[in-house]
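The values are calculated or read from the model by the stated rules, or taken from the named source; none is laboratory data. Here the structure is a predicted model, which means the values were calculated and not measured. Here the Cβ is made from the backbone with ideal geometry for all residues, glycine too, and neighbour counts use every protein chain on show. The area values use the complete protein model at the heavy-atom level, side chains included, leaving out ligands, DNA and RNA. Shrake-Rupley method; radii C 1.70, N 1.55, O 1.52, S 1.80 Å.
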Amino acid sequence: MSDHGCPGKAVSVSEYLRRIPKVELHAHLNGCIRHETLMDLAHERGATLSNRHFSAEPLHENLASPPNNGEHHSMYNIMPRSLQNCFDIFAEIPACVNDLSALRRITQEALEDFAAHHVAYLELRSTPKRLLRSHQDDQSQKVDKQVYIETVLEGIRDFQSKEKERFSHDPVLSSSRLPIVCNFIVAIDRSQSLEEATDTVHIAIDMFQRQQSRPSNLSPSIVGIDLGGNPTKNDFRTFQTLFQKARQAGLKVTIHCGEIPSRDEAVAILAFRPDRLGHALLLPSSLQKVLEDTKIPVETCPTSNVMTLELARSSNGNLVHGLSQHPCLAQWLQNNHPLSIGTDDPGVFHTNATKELVLLVNTFSLDPCAMAEKVADSVNYAFCNETLRQEINAKMREIMKEIHHSS
Ligand SMILES: CNc1ncnc2c1ncn2[C@@H]1O[C@H](COP(=O)(O)O)[C@@H](O)[C@H]1O
């Protein structure tokens, strides 16, 4: 171990980055679905998934010339995942996740996967939908969007109590990671109508206000509202008064921004001063300056950005090469802009919370310990209350010390 408490050569950088406690603030529930789960759900529901996007082959077998060194397989990705491909994929998922049991399963598995990568604090987001109670039910039997949110919250609560139970019986587990704490962000899909979005925001405000009357750090909470979905559809300004209303009710706001060049919309988003921004990629330089001056935290998602901006096309899917072409990350890192590092859609982009950090460290030759600090700092941009923030922060620092001692 070196003097400042960071690991020496006892563990590899990727193993060190796997062990450290993480904060995930940008993950879409239906983007987290495991490949096998999607296949199972499609099979059970008689849905057909397109071969182009859901090939059953393991990823590296799709490589034209797979790299020899196994360690580097995960740093390549040549599945077609342009922005359009992503939204084609999202259009196929509702036929598979069409009932509450599927929703329960994907919620449990998403938490399991983040916990396996030592995520200590997670803000999961999802667009509430009208689903069937059971996929065998008649199409007319759909439950409302509030039941969708309640089902996800219940799934989180169940997972957290199972974690608590496991941690109380397993001292090895307790010394290796923290039990995951998860809150929920209600997502608005911008391709939906204003009427649909209004309905969702009203449900979110109503549930949020009821939750305020019985505060608890043990139960998952609705903490914020997000605008996402296909950026070529609609505009933030269509929904702005709704976001204003949500903010007045006390919900935090995060907005997807700059996934395609769209100057006027970006001006309006920045003037609104969201609590966080998703991606913030293709802003004109004058607006990048506004972003940096206002210090609005950015939820950056490295693999997602490389794929949707198609930055690895010329390098046979080499993510490190792709990320080195990122329009703003190098500058944000250099200027110490507030960042959280997210997976976005781990099921779609074949990524996980560890891989995102390895990719960043490899691309920008970062010190892994400085990376760990940056990740821990990002709890400061979480939408949770101060008590919980401080509690998680303190626990993360404590377990980081233990990891440094044993590395
Ligand atoms: C690739 N970058 C992205 N940009 C914008 N929106 C995205 C996204 N990735 C995911 N979503 C949004 O999240 C939904 C899937 O999860 P939920 O059904 O809500 O759980 C997508 O349909 C889209 O609206």
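Below, the figures for the structure above:
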| read-out | value |
| --- | --- |
| Residues that are in a helix (DSSP H, G or I), more than 20 Å from Val379 (Cβ to Cβ) and not hydrophobic (A, V, I, L, M, F, W, C), drawn from region 12-29 | Ser14, Glu15 |
| Test: residue in region 247-254 that is touching a residue at least 12 places away in the same chain (Cβ under 8 Å), more than 15 Å from the ligand (Cβ to nearest atom), surrounded by fewer than 21 Cβ atoms within 10 Å (Cβ to Cβ) and small (Gly, Ala, Ser) | yes |
| When residues of region 73-90 are limited to those that are open to solvent by less than 50 Å² (accessible area, probe 1.4 Å) and at pLDDT 85 or above, the one nearest to the ligand (Cβ to nearest atom) | Cys86 |
| Subset of region 179-224 (residues that are under 18 Å from the mean Cα position of the chain (by Cα), open to solvent by less than 20 Å² (accessible area, probe 1.4 Å) and of a type in the set (Val, Ile, Thr)) | Ile180, Ile185, Val186, Ile188, Ile222, Val223 |
| Unique match (being over 26 Å from Ile392 (Cβ atoms) and open to solvent by less than 20 Å² (accessible area, probe 1.4 Å)) among Ile156, Ile106, Ile93, Ile149 | Ile93 |
| Helices (runs of 4 or more DSSP H) wholly inside region 168-252 containing at least 2 residues that are among the small types (Gly, Ala, Ser) | 171-176, 194-212 |
| Residue count, region 104-139 (criterion: within 9 Å of the ligand (Cβ to nearest atom), closer than 27 Å to Lys355 by Cα and either out of contact with any helix residue (DSSP H, G or I) (no Cβ under 8 Å at 6 or more places or on another chain) or not small (Gly, Ala, Ser) (or both)) | 4 |
